[in-house]
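Data block below; observations after.
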Amino acid sequence: MESTPLATSVPPTALPDDLYCTLPASAASAAVQPIPTSIFRELPEPDVQILASGGLRIPAHSGILASISPVLEHVIDRPRKKRNAEKVISILGVPSDAVVSFVRFLYSSRCATEHLEKHGIHLLALSHVYMVPQLKAICTKDIAQRLTIESVVDVLQLARLCNASDLYLKCMKFVADHFKFVEKTEGWRFIQDHDPWLELDILQFIEETESRKQRNRRIRKERKLYLQLHEAMECLEHICSEGCTIVGPYNVEPKKEREPCAHYSTCHGLQLLIKHFATCKKRTNGQGCGRCKRMWQLLKLHSSICDHSDCCKVPLCRKFRSPPDDTEKMKRKDDAQWKMLVRKVVSAKAMSSLSLTSKKVSDMEDGKALANHCGIGSFRLQTVRRYR
């Protein structure tokens, strides 16, 4: 980018008729959308020329260039060796058509789709070098939508050089999602030989992305487990207060044609577990089995999250809330983990409640109030003996 005397021996190449819109410099600097025709006016004679590749000379107006680009303003204001020499700004290293599109944007703040598709990479470089943020944003968005396996590595290098963080991140994600194909391209072999730091950044990004995906999968799996436990707590209250298909409280007559509840699979499995818990011979001998221990933990979990233990119909709810003796305190090595589990289930319950509609929330609150008003009843199985 130098201001050199204008050489008249090379005639200017023919330029497009719509190279620039005839509008004031102040309007051009503020224009992002198309300018209304009412404010167009005829521009004065060009006072500067832009020299592009192939000897193309583009007449331009220093006032408009300086108002859009601070870099061009600095070049224009730089003193010349000869006072009478004409101002020439050299923009080389990119195709002359890209320079024409760049100048057209400086005048109109618009860039046609076909120009972006053909010269998007070059326009991004020019917008960065000459500090034209509007054009840089347009090029970044367009290039990100046209990424391919063959071009993504080259675009990634350019995005890093042009400090286009959004485009750089999108390229990184694209490489991480299609790495098996990208590593076979010529661009990847080039950075392996000439840019090991970029190669290291890409590999680290892929590793972090995979770790993040594994962590998110683990979180989703844990959240699903907590939601299932919350659903089991609701089913336990439902079984103990209203009864379901095969298990219910002793003072509620079972209906012959009872319809399955909303969470039938969970509720049915919990009923089978309650029946086993009530009839297990190992539990009566003081030993217990794995299924009995699981039922015991569910009852204990309900007691930990129950808000109305004084009138709760779930068995052993108040027993678990009573202060433990010294022997039980010594056995509770996993007390912190248990408290964490309780907090997670309560949080899942809160999130589940927020996802319901206001009508469903109201119905749930009315149902709980009715169950609490009915008083305390001893719990027993409808098909087996009551456990004492």
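Kindly indicate the residue of the range 71-93 that is modelled with pLDDT of 90 or more, within 13 Å of VAL48 (Cα to Cα) and not hydrophobic (A, V, I, L, M, F, W, C) and also surrounded by the fewest Cβ atoms within 10 Å (Cβ to Cβ) among those meeting that condition. Result: SER90. Just a yes or no: is a residue in the range 211-220 crowded, with 16+ Cβ neighbours inside 10 Å and either in contact with a helix residue (DSSP H, G or I) (Cβ under 6 Å, 6 or more places away or on another chain) or modelled with pLDDT under 90 (or both)? No, that holds for no residue. Does THR148 fit the bill of being free of Cβ contacts under 8 Å to residues at least 40 places away in the same chain, surrounded by 18 or more Cβ atoms within 10 Å (Cβ to Cβ) and among the hydroxyl-bearing types (Ser, Thr, Tyr)? Criteria not met by THR148. Of all residues in the range 149-162, those satisfying the criterion of being within 15 Å of HIS178 (Cβ to Cβ) and within 22 Å of the chain's Cα centre (by Cα) are VAL152, LEU156. Within the range 94-116, which residues are open to solvent by 20 Å² or more (accessible area, probe 1.4 Å), more than 21 Å from GLY54 (Cβ to Cβ), in contact (Cβ under 8 Å) with a residue 40 or more places away in the chain and part of a helix (DSSP H, G or I)? None; the set is empty.
Taking the criterion of being over 12 Å from PHE102 (Cβ atoms) and touching a residue at least 24 places away in the same chain (Cβ under 8 Å), the residues of the range 117-126 that qualify are GLU117, ILE121. Look at the range 127-138: where a residue is open to solvent by less than 40 Å² (accessible area, probe 1.4 Å) and a partner is part of a loop (DSSP other than H, G, I, E, B) and among the polar types (S, T, N, Q), sitting 6+ places away or on another chain with Cβ atoms under 7 Å, you get TYR130/SER69; VAL132/SER69. Quick check: anything in the range 312-327 over 23 Å from LEU225 (Cα atoms), open to solvent by 70 Å² or more (accessible area, probe 1.4 Å) and modelled with pLDDT of 75 or more? No: zero hits. Mind listing whichever residues of the range 96-126 are among the hydroxyl-bearing types (Ser, Thr, Tyr) and out of contact with any Phe, Trp or Tyr (no Cβ under 8 Å at 6 or more places or on another chain)? Across the range 96-126, the qualifying residues are SER96, SER101, SER109, THR113.
The values are calculated or read from the model by the stated rules, or taken from the named source; none is laboratory data. Small disclaimer: the values here were computed from a predicted structure and weren't measured. Here Cβ is always computed from backbone atoms with ideal geometry, including for glycine, and neighbour counts include all displayed protein chains. With ligands, DNA and RNA removed, areas are computed over all heavy atoms of the protein, side chains included. Shrake-Rupley method; radii C 1.70, N 1.55, O 1.52, S 1.80 Å.
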